Amino acid sequence: MNTIANDYLPPAEGPSCWTGPELAGSGSWIIELEDAERAAIMAALDATEGREALELKADDFELGAFNDKLRGMAHDVAFGTGFAMLRTGLGELGEEQARRLIWGLGQHMGVPQIQDASNTLLHDIRDTGADIEKQHNIRTYQTNLAQPFHNDGGDIFALFCRRQSSNGGQSQIVSAHAVFNEILNRRPDLAKVLSEPFYFDARGQNLPGKPWYQALPIFQNYGGRWFVMYKRHYIDYAQRSDEIPRLTEKQIEALDLMDALCADPAFHLAFEMSPGDMVVGNNFTTLHARSAYKDMGPTTGDKRHMLRLWLGVPGGVALPPAFEETREFGPLFQTTERIAI
């Protein structure tokens, strides 16, 4: 059975259902590198000095036994808890070194996915000074504004911290499955609303030949798994157009409850990223956010700088057919084999 029939909505189950306090208490999400693993990364960086990051393959960034550890981490994120932080201890890297590092590690975790209409595979996350309210193709990561809870594209995302801000920029992550279960428990009527289509502004990144908006449920069950797709701010931005139906009172109530639960410390995990840290998260079972931040100075060299990959995991979970029409997940259908259901 590939989809849920009638009005019955089963709860999400498994290791992807967790709360922030539970995860913080276990510490299982933090992976500290051993000296030999750190040395292997530095050796790979030295061996690829002068080469363009995106030209590198897994064999070019050989890490010895650490290769298998990275693949295991990606598998756990894709099929298990859904989140991990890798503390490399390499916080003094130049920009090109950092690009080679996240790209090289990513080659052992999955297949890089395009992140925008320009087919960019590796994004720099820093404030460009752009105004998201006035420019409809600007995305929140290009500003220093707070990023509400949302998911990215690909099976998993990887985010490497090269430089942190002088003030703000705290990260949060939440189990979308735990949030869904709470909504289902408190307000099953609103859980039903969230399993029906909403309109999202694609922010100028829509797939070729597709409209500027996307319409799909926030939660949908396929193959016995719950998948999330959530960007409240992009749902609100879509309301700028008369083409899009107005949100109903029930939809707004459902969105407000979801936002309140995501923001509740009883559900989300808040953490700080230091230079050299890399987080990896599941885009189907978790949502992540960032507080607003202030940079140290006006120049690029002073700015908070993160690097981001979207990765497809070979043998990843079978995807809802509706995802093929989205900019976030559509490329997965062409770049990775999926498990059968």
Item to check | Single condition residue 271 does not satisfy, out of (1) in contact with a Lys or Arg (Cβ under 8 Å, 6 or more places away or on another chain); (2) aromatic (Phe, Trp, Tyr); (3) over 19 Å from residue 115 (Cβ atoms) | outcome: (1)
Checklist outcome for this item: Flagged in the range 214-239 as assigned to a loop (DSSP other than H, G, I, E, B) and either touching a residue at least 60 places away in the same chain (Cβ under 8 Å) or among the hydroxyl-bearing types (Ser, Thr, Tyr) (or both), in numbering order, are 223, 224, 229, 230
Next on the checklist: Being basic (Lys, Arg) and at pLDDT 90 or above: is that true of residue 139 here?
Outcome noted: no
Checklist entry - Hey, any hits in the range 28-40 for a residue that's within 26 Å of the chain's Cα centre (by Cα) and over 17 Å from residue 276 (Cβ atoms)? => result yes
Checklist outcome for this item: Here the residues within the range 24-79 that are at positive phi and of a type in the set (A, V, I, L, M) are none
Checklist entry - So which of 63, 70, 45 ends up being in a loop (DSSP other than H, G, I, E, B), surrounded by 13 or more Cβ atoms within 10 Å (Cβ to Cβ) and in contact with a helix residue (DSSP H, G or I) (Cβ under 7 Å, 6 or more places away or on another chain)? => result 63
Next on the checklist: Just to confirm my filter: which strands (runs of 3 or more DSSP E) fall fully inside the range 275-328 and include at least 1 residues that are among the charged types (D, E, K, R) and modelled with pLDDT of 95 or more?
Outcome noted: 277-282, 305-312
Checklist entry - Across the range 9-30, what is the total count of residues that are surrounded by fewer than 18 Cβ atoms within 10 Å (Cβ to Cβ) and either farther than 30 Å from residue 190 by Cα or not aliphatic (A, V, I, L, M) (or both)? => result 12
Item to check | Those residues of the range 307-320 which are touching a Lys or Arg at 6+ places or on another chain (Cβ under 7 Å) and not small (Gly, Ala, Ser), in sequence order | outcome: 307, 317, 319
Next on the checklist: Looking at the range 277-293, I want the residues that are more than 11 Å from residue 152 (Cβ to Cβ) and of a type in the set (D, E, K, R) and have a partner that is part of a loop (DSSP other than H, G, I, E, B) and at pLDDT 95 or above with Cβ atoms under 8 Å, at least 6 apart or on another chain. Which pairs are those?
Outcome noted: 277/88
Item to check | Residue that is more than 30 Å from residue 14 (Cα to Cα) and not basic (Lys, Arg), where the choices are 264, 256, 277, 201 | outcome: 201
Next on the checklist: Within the range 83-101, does at least one residue satisfy the condition of being of a type in the set (Val, Ile, Thr), part of a loop (DSSP other than H, G, I, E, B) and more than 16 Å from residue 278 (Cβ to Cβ)?
Outcome noted: no
Checklist entry - Among 110, 80, which is touching an Asp or Glu at 6+ places or on another chain (Cβ under 7 Å) and farther than 18 Å from residue 124 by Cα? => result 110
Checklist entry - Across the range 102-131, which residue is surrounded by the fewest Cβ atoms within 10 Å (Cβ to Cβ) among those that are part of a strand (DSSP E or B) and modelled with pLDDT of 95 or more? => result 111
Item to check | Matching residues, the range 241-297, being farther than 26 Å from residue 93 by Cβ and among the aromatic types (Phe, Trp, Tyr) | outcome: 267, 284
Next on the checklist: Please go through the range 193-222 and give me each residue that is of a type in the set (Asp, Glu) and more than 21 Å from residue 115 (Cβ to Cβ), ordered by number.
Outcome noted: 196
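The values are calculated or read from the model by the stated rules, or taken from the named source; none is laboratory data. Note that the coordinates shown come from a computational prediction; the quantities given were computed from them, not determined experimentally. All Cβ positions, glycine included, derive from the backbone under ideal geometry; neighbour counts span all protein chains shown.
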